[in-house]
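The values are calculated or read from the model by the stated rules, or taken from the named source; none is laboratory data. Values in this document were obtained by computation on a predicted structure and should not be read as measured data. Cβ sites come from the backbone with ideal geometry, for glycine too, and all protein chains shown count toward neighbours. All accessible areas refer to the heavy atoms of the entire protein, side chains included, with ligands and DNA or RNA removed. Shrake-Rupley method; radii C 1.70, N 1.55, O 1.52, S 1.80 Å.
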Amino acid sequence: MSAATDTGTVTTRPPVFIALQANNDTIPIVEAIQADNPGAELLEFPGMVKINAPGQLVIRRASIEERVGRDFDLREMQLNLISLAGEVDETEDQFILEWKNA
């Protein structure tokens, strides 16, 4: 994601990522993230999935609920969270990772 500065030059925001344990609980979360963030890159490792995104990554509760077929509290992701990079902006409906001052 790029942003224009006061001088008119374009800067690129640093990438963000989320890493989750690779298990049956995270499959619908990963599918939802991929659907909502078409520019994201999925990397699969033994025991872990990492999703990189240019500038911003948005995780929507409704997208996960569609896949799990039940109410989903975004805080449930923390049970399988390994690591993340970016500033977190979290509401009941979405979890956003981005570098706000970069």
Q: Find the accessible area per residue for the chain; the probe is 1.4 Å, ligands and nucleic acids are left out, and the unit is Å².
A: 59 Å²
Q. Add -39500 (n - 2.57) for each DSSP H run of 4 or more in the chain, then divide by its residues: what number comes out at 222 nm, to the nearest 500 deg cm²/dmol?
A. -5000 deg cm²/dmol
Q) Taking the Cα centre of the chain as origin and charging only Cβ (+1 Lys, Arg; -1 Asp, Glu), how large is the dipole, in debye to the nearest 20? A) 260 debye
Q: Considering Cα pairs under 8 angstrom that are at least six residues apart, work out the relative contact order of region 16-55 and quote it in whole percent.
A: 53 percent
Q. How would you rank 83-93, 45-55, highest first, on the average number of other Cβ atoms within 10 Å across their residues?
A. 45-55, 83-93
Q.
Which one, Val49, Ile33, Ala62, is farthest towards the positive end of the dipole of the chain when Lys and Arg carry +1 and Asp and Glu -1 on their Cβ?
A. Val49
Q | the chain, relative contact order [Cα under 8 Å, separation at least 6], % | A | 32 percent
Q: Working from the alpha-carbon coordinates of region 9-52, get Rg over Rh, Rh being the Kirkwood radius.
A: 1.07
Q. What GluC sites (Glu not before Pro) does region 21-81 have in DSSP loop regions with at most 16 other beta carbons within 10 Å?
A. none
